Structures are given as C-alpha cells and as structure tokens.
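Since the structure comes first, as structure tokens, the remarks are kept for the end.
The values are calculated or read from the model by the stated rules, or taken from the named source; none is laboratory data. Please read these numbers as outputs of a predicted model, since none were measured by experiment. Cβ placement follows ideal geometry from the backbone for every residue including glycine, while neighbour counts extend to all protein chains displayed.
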Amino acid sequence: MKPSSLLFAGALILSVNPLFAAEGASPAWTEVAEVDVQLMGDYEGEWLDAPKGHYYEINKPLAAQVMNVRPGEYFLRFNQELDHRADAYFEGKGTLEGGVIRFEGNGWKGEVSKDGLKGTCGQGNKPPIQFSLKKVVRSSPTLGAKPPEGAVVLLDGKNLDAWEHGGGRPVSWHLLENGVMEVRSAANPEERKQGIGGDIQTKQKFGDCKIHLEFRYPVEPGKAGQGRGNSGFFFQGDYEVQILNSYGLEGRWNECGALYKTSPPKVNAARPPMEWQTYDIDYKASVWKDGKKVSSPRITVRLNGVLIHQDEEIPHATAHAFASRFKEPQGDGPIRLQDHSNAIQFRNIWLIPGK
Ligand code: MG
C-alpha cells in the first residue's frame, strides 16, 4: 500500500508508521495510525450540571469506550461504568476530522480529542446536560506476574522450545527481538507449502492446571467480527477460551473471554487493541472412566483481573461445528494456541500443573 493512497478523513496512515515499526512482524502492527492509539480506548468521568434530583445527578459517573471501526470511522459506547454488563446509555458512530472524533445522535453530541471526551445529552425541551471524561488506561493487576516455584514456563521470551505444530512439525511462529511471540499465519498458500503457520501446541500434555498468559491484538482497521484479532487457547487440546478483538462490544459467546460457543463472559473485560492483557485461569480437566465421561471440565477465568467465569462447566468441546462438540478428548492434552490468521502476540506464559 502506498502512503498516498491512505488519506482518510484527515487521518494519514503510513504503510509503515515509524512509531510502531518495532511493534511486530506482521504489517498489522505497523499499519497503525497514531491518532487511533491516541484516541481509542476507555474514558471515565461524570455528568457536570445535571439538575438536582435528576437521574444523572444521582448517578454521576459516566464511562465510554471508543473503538476504531475502519480508518477515520469509530464507534462509541457510553455506560455508567466499565466492566459492567448493562444496556448502553448511548452508542453510535463517530467520524474523525482534523484529529478530533465527532459524534451525534439520540440527543447526544460530543467530541473526542487528545484533551478528553466532552459533550452534552439533551432530552426534550430541557437544556442539555454536559459531561466530561478523561482517557484511562487500566492495566491488568497481573501483568508481568512471575512464575512461582514449580511452574512450567511455556514462554519466557528466550525460545519457543516448549511448542510445536501438530504432528511434531517445528514451530514456525515469530519470536521477536523483544521476546514476544507472534502468530505466523498459514493464510499464505506458498508459505503453507513450506510448513509455515497453523496452530501451535505445547509438547507437554496437561490436565488440571492454573495458567497465566499475556496477549495483545493489533488494531486492524476495517476488519470486523471473527476476522479481527482472533486467536484463542485450548485446554486438553480442545476446549477454547476465546481471544478476539471484541473491545467495546457486547461480550457474546464467541467474543473475547467466552468459552467459545459455550458460555459468554459475565462482562466484556477485553481491553483496546495494542494494550497487553492477561488471562489467569484455574482449569479442572474432564474425568473419564471406561470410555464414558464422569465429569466435564470446570473453569474459573480472570481476564485482565476481572472474574468472567467462576467454576463454569464446559459441557462439550468448544467446536464451531455442532457434531464436533461430542468428540471430546479423554485424558491430558496439550495447551494449543490458535492461528486464526490474525497476528496476535503472546508473552509470559506459565502453568502450574495439578489440582
Ligand atoms: Mg478463536
């Protein structure tokens, strides 16, 4: 792509943005507009001048999430608080113009700039109520957690020795200079012929375990749904905890934090693209006797420190296809990481085997 072809509504996206040149191996990490990183994300603040006794005077806090949809186009969602499953106060499209995102609809009007998010909400003939929010970066409390004694270190940035592709094929994913591992996709047919890309899995097999894992997804303007920031990791080789760039979305059963197509997360705790995130999981493997399942796996999941599943049963394999859900693994299996064609990055993965 030529830089000259990428002028969208005042946002110049260079084919290689030098600010992000060191971020990753895939172009997804370098084709990032500075304005996206500056303006998208979480905002917190409050209503400023709601009349006494008004709902917004009693419930003063206000939060917003600003997500990139495609170059120059954004989507905004307003709630009373973040990490809380509730209907949005307002959601709608924003457009970038001169480094400022402007939005308007349903009586709401405002703008997002490097100084914050400001606007008004008007209802009927009453004077509009003002709000003001500031950008917040809410880092996970477990970012950088060190492996305790007895932990199996699966990724410490030095090598990819713990991993292989299925069938023992040597791992082809990128290990970057900064020790970060990046999905190398099998999407390119020429590379695929050379044995590049595809899911990877641990050489060692595990049953019950606790795991800590850090990941992040790029912005990928213009991509959407399951095509944006998709990966995931599978316990016993077959039960997927989903990774997806579902920042600011509803938190459905196929989005980030979901036990894929089985259980949605309690709340959508996914963070904005480019930010490092954490999974901390307690996994109890299924138990089988004489070829019959005695009990299904159970799982407790914290995404970015937020409890999103508590002792949740995984009643069947998390396969996309219905029929495949009943082909379940019996006994220990590898931890598998998914290549879903997006350049997801991983670091600091360790696991404590046992109950
Ligand atoms: Mg996935």
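Candidates in region 224-245 are the residues that are over 14 Å from the mean Cα position of the chain (by Cα) and part of a loop (DSSP other than H, G, I, E, B); of these, the one that is farthest from the ligand (Cβ to nearest atom) is 236.
Kindly indicate the residue of region 298-355 that is within 16 Å of the ligand (Cβ to nearest atom) and among the charged types (D, E, K, R) and also nearest to the chain's Cα centre (by Cα) among those meeting that condition. The extreme case among them is 339.
Considering each residue of region 72-126, count those that are assigned to a loop (DSSP other than H, G, I, E, B), within 22 Å of the chain's Cα centre (by Cα) and under 16 Å from residue 45 (Cα atoms), and give that number.
Our first condition is that a residue be assigned to a loop (DSSP other than H, G, I, E, B); within region 72-126, this holds for 72, 80-89, 98-99, 106-107, 114-115, 122-126.
Among the residues that remain, those that are also within 22 Å of the chain's Cα centre (by Cα) are: 72, 80-88.
Okay, now just the ones that are also under 16 Å from residue 45 (Cα atoms), so 80-84, 88.
Within region 72-126, residues that are assigned to a loop (DSSP other than H, G, I, E, B), within 22 Å of the chain's Cα centre (by Cα) and under 16 Å from residue 45 (Cα atoms) number 6.
Whether any residue in region 14-21 is modelled with pLDDT of 90 or more, buried (at least 18 other Cβ atoms within 10 Å of the Cβ) and not aromatic (Phe, Trp, Tyr) is what I want to check. Steps first, please.
Just the residues of region 14-21 that are modelled with pLDDT of 90 or more, to begin with: none.
Checked against the condition, which is being modelled with pLDDT of 90 or more, buried (at least 18 other Cβ atoms within 10 Å of the Cβ) and not aromatic (Phe, Trp, Tyr), region 14-21 yields no hits at all.
Under 7 Å by Cβ, and 6 or more places apart or on different chains, what pairs join a residue from region 124-148 that is over 16 Å from residue 270 (Cα atoms) and modelled with pLDDT of 95 or more with one that is assigned to a loop (DSSP other than H, G, I, E, B) and of a type in the set (Asp, Glu)? Note: pairs meeting the criteria are 129/49; 130/49. Restricting attention to region 202-236, the residues that are out of contact with any Leu (no Cβ under 8 Å at 6 or more places or on another chain) and surrounded by fewer than 20 Cβ atoms within 10 Å (Cβ to Cβ) add up to 10.
A single member of 169, 192, 252 is within 14 Å of the ligand (Cβ to nearest atom), outside the structural domain of residue 88 (by TED's automatic domain parsing) and surrounded by fewer than 20 Cβ atoms within 10 Å (Cβ to Cβ), and it is 252. A count restricted to region 54-73 and to residues that are touching a residue at least 24 places away in the same chain (Cβ under 8 Å) and among the basic types (Lys, Arg) stands at 1.
Against the conditions (1) surrounded by 16 or more Cβ atoms within 10 Å (Cβ to Cβ); (2) farther than 30 Å from residue 45 by Cβ, residue 133 satisfies every one except (2).
Listed by first and then second residue, the pairs linking a residue in region 256-268 that is in the same structural domain as residue 305 (by TED's automatic domain parsing) and without any contact (Cβ under 8 Å) to a residue 24 or more places away in the chain to a residue that is within 12 Å of the ligand (Cβ to nearest atom) and in a strand (DSSP E or B), with Cβ atoms under 6 Å apart and 6 or more places separating them unless they lie on different chains, are 258/242.
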